[in-house]
1. Enumerate the strands (runs of 3 or more DSSP E) found wholly within region 355-472, keeping only those where 2 or more residues are closer than 29 Å to Leu253 by Cα and of a type outside the set (D, E, K, R).
2. Kindly list, by first and then second residue, each pair from a residue in region 410-423 that is free of Cβ contacts under 8 Å to residues at least 60 places away in the same chain and surrounded by 23 or more Cβ atoms within 10 Å (Cβ to Cβ) to a residue that is outside any loop (DSSP other than H, G, I, E, B) and among the charged types (D, E, K, R), limited to pairs with Cβ atoms under 6 Å and residues at least 6 apart or on different chains.
3. Quick one: which residue in Val187, Val215, Val224 is under 16 Å from the mean Cα position of the chain (by Cα) and either among the hydrophobic types (A, V, I, L, M, F, W, C) or not assigned by TED's automatic domain parsing to the domain that holds Asp147 (or both)?
4. Could you grab me the full set of residues in region 334-354 that are at negative phi and assigned to a loop (DSSP other than H, G, I, E, B)?
5. Kindly indicate which of Ser309, Ser331, Ser226, Ser247 is at pLDDT 95 or above, under 30 Å from Val132 (Cβ atoms) and small (Gly, Ala, Ser).
6. Quick one: which of Glu152, Glu142 is of a type outside the set (Phe, Trp, Tyr) and under 30 Å from Val543 (Cβ atoms)?
7. Ser444 is checked against (1) touching a residue at least 12 places away in the same chain (Cβ under 8 Å); (2) surrounded by fewer than 22 Cβ atoms within 10 Å (Cβ to Cβ) and fails just one. What number does that condition carry?
8. Mind listing just one residue for me: the one in region 518-545 that is among the aromatic types (Phe, Trp, Tyr) and surrounded by fewer than 24 Cβ atoms within 10 Å (Cβ to Cβ) and, of those, farthest from Met414 (Cα to Cα)?
Amino acid sequence: MKLSLVKHRYKTALQLSIVFFLLLAQNKSIAQKVQHSVEIQSPDKKLQVHIVQLPDEHITYSFKANGKELMTDSKLGLQQAKSKSEEVHWVNFFKKSVKSVWRPVWGKRLVVPDVYNEATIDLSAYQIKFRVYNNGFAFRYEGAKIDSEFTEFKFAGDYTAWYYNGENANIGPEKLSKATGLRRPVVTIKADNRNFMAIHEADLQGGQPLILQVVKNNPNTFAVDSKRGQAWRVLMYGQTPGALVDSHLIELLNPPPAVDKKTGKIIDFSWVKPGVALWDWRINGAVTDKGFKYEMSWPSWKRMVDFASEQHIGSLVLDADWYGPEFNKDSDPTKGGKVEQVHHLINYAKEKGVGIWLYLNDVGGDAYPLEQTLQQYGRWGAVGVKYGFMKGSPEQKNVRTRMITRLCAENHLMVDFHDDPVHPYGQMRTWPNAVTREFCQAQSDGHQVFQPSTFVTSVFVNMLAGPLDMSNGAMDMAQKGRVDNSMPVPTTITAEAARTLITFSGATIIPDIPENYRKYPSLLQFISSERMPWKESKTLDGVIGEYIVMTRQASTGDWLIGAATNEQGREINISLEFLPKGTYKAMIIQDGQDADFRSNKESSRTTHLEVTPKSHITLKLAPGGGGCVLLQKK
């Protein structure tokens, strides 16, 4: 009995010892699981980014919003050309907080808070700098030549995503688990009805623009596939998709305007004048009721300038072939074609208070000295350059885009890049003359893919990158007789006007002739009232791929509301609580009762009301339709 008892007690003590040592080992393992860590909160403390280094030297980060984990165990780090096998050790980290404001030359609003918390992680081979704002976070690698990245975006669930897709309709909605291959940003992600995110980049100083690779055998994860990308990696966040649209995170991650090397002073961009612009490319071939046929030459240009002056529209864009066939290397962009007519036009338009944009592409830009060409345009008095068909890899395009933007700034020229340009990444803060680009399927070129649902997806995907030239605003919905792409417009005239407001751009380029705008005086008044720079902008409501409601305050103080829907008709109730105190005259333009983008595009109706901030306005949107509201204080 005693011997048995002793054995039992010894066995029990041994078991307890084993448990003790196992617990001790487990606790030691837990302690060793994280070698180093740092947490960064947003200024409002609602967002948290947690960065850790594990014993194997790997660094990861995770992200929470309002206590909900949205990203987890996402890799960080560089694979460097000269040190692929070298271990990277965590040395130290430093924190700081910044509270400032950005007052853009033009943008979505006049004053933008620039408030964030920052942590710089000092590693043995390079640094990782994190910034956390109230609406997202960003990080970049500093102090090393970048070869390739280990960077990942690993989401905590099988969320729904939409993707930029070049000159095609966006990809999505699609579950993250269904994605394959390479994806191009912007990637917009819905975790649930209160959590929305978007992946993009900012301040791409050099290297390849961002490309994402779906990681096999690692669910819901993207890896950075780009090589040598020198940029901020950005995760935008909002509790609504509209909060992503209203964000300035991409611009804020770019530096302020550069210093002029000649004067040593910050470059003055007060000459940049954003606004609505007429366009001569789509008018070509249009015939008025009185028999005048529009062409891309002086008689038509003069009519367009007169109309622009009458309606306080700031400029007219001349498109290709004004200096000769655009793809002919013998077409001289300073001496060829209709150059004498253009000289006359610029001088005439200047007297009328209207600016003239000039088209140029890589054929003319390569065959003739580009720097001298842009200097010449500046001397002539042009206000902008529309640059098309740039050749080369995305990396080469980015270098050339940055160079052209700088040269245009030196010659007081705004610039609009077309034909598969490098994606915007916030350049408008450093170079406010970079007013727009065709980072989308412009609807006048792509009626075959540009359906109502395309628009109400693109504004939540493409437009998060920056200002878009989408060429909305047609009033002739049949487009018969047009020389280029004479296809019916797949929407209603009311939606067309609304889209000119909804689409953020420093040059809202509208594609029709004066006579067609005059047929719809209420819609013309709405478009003419889009005076920039905007004082304020706010997405009032919206669902990705379904509808959007946007309001902007013009430089005149007038408020405008634009609403657009997909192929489904709907009724939208809009609260006017965003208005300052007072009484306002409201001009409300809606689709007609019988309107439909497939059968009756031109039907619309206009009503007038007096409203206050306590009022609500109900808009009935036809299938593929929209609504416009102009609010003027009494």
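The values are calculated or read from the model by the stated rules, or taken from the named source; none is laboratory data. What you see is a predicted model; the values in this text were computed from it and never measured. Positions of Cβ are backbone-derived with ideal geometry, glycine not excepted, and every protein chain shown enters the neighbour counts.
1. Details: elements: 355-361, 384-388, 414-417, 434-437.
Counting at least 2 such residues, we get 384-388, 414-417, 434-437.
2. As it stands, the answer is Phe417/Arg437, since those pairs meet every condition given.
3. Details: Val215 fails: under 16 Å from the mean Cα position of the chain (by Cα); Val224 fails: under 16 Å from the mean Cα position of the chain (by Cα).
On inspection, the qualifying residue turns out to be Val187.
4. To start, the set of residues in region 334-354 that are at negative phi comprises 334-336, 338-352, 354.
Answer for region 334-354, where residues must be at negative phi and assigned to a loop (DSSP other than H, G, I, E, B): Thr334, Lys335, Gly336, Lys338, Lys352, Val354.
5. Working: Ser309 fails: under 30 Å from Val132 (Cβ atoms); Ser331 fails: under 30 Å from Val132 (Cβ atoms); Ser226 fails: at pLDDT 95 or above.
Sole residue among the options that is at pLDDT 95 or above, under 30 Å from Val132 (Cβ atoms) and small (Gly, Ala, Ser): Ser247.
6. Numbers: Glu142 fails: under 30 Å from Val543 (Cβ atoms).
When all the criteria are applied, what remains is Glu152.
7. Among (1) touching a residue at least 12 places away in the same chain (Cβ under 8 Å); (2) surrounded by fewer than 22 Cβ atoms within 10 Å (Cβ to Cβ), the lone unmet condition for Ser444 is (2).
8. We begin by selecting, within region 518-545, every residue among the aromatic types (Phe, Trp, Tyr); these are 520, 526, 534.
Among the residues that remain, those that are also surrounded by fewer than 24 Cβ atoms within 10 Å (Cβ to Cβ) are: 520, 534.
On the way: Tyr520: 30, Trp534: 17 Å.
If we take residues in region 518-545 being among the aromatic types (Phe, Trp, Tyr) and surrounded by fewer than 24 Cβ atoms within 10 Å (Cβ to Cβ), then Tyr520 is farthest from Met414 (Cα to Cα).
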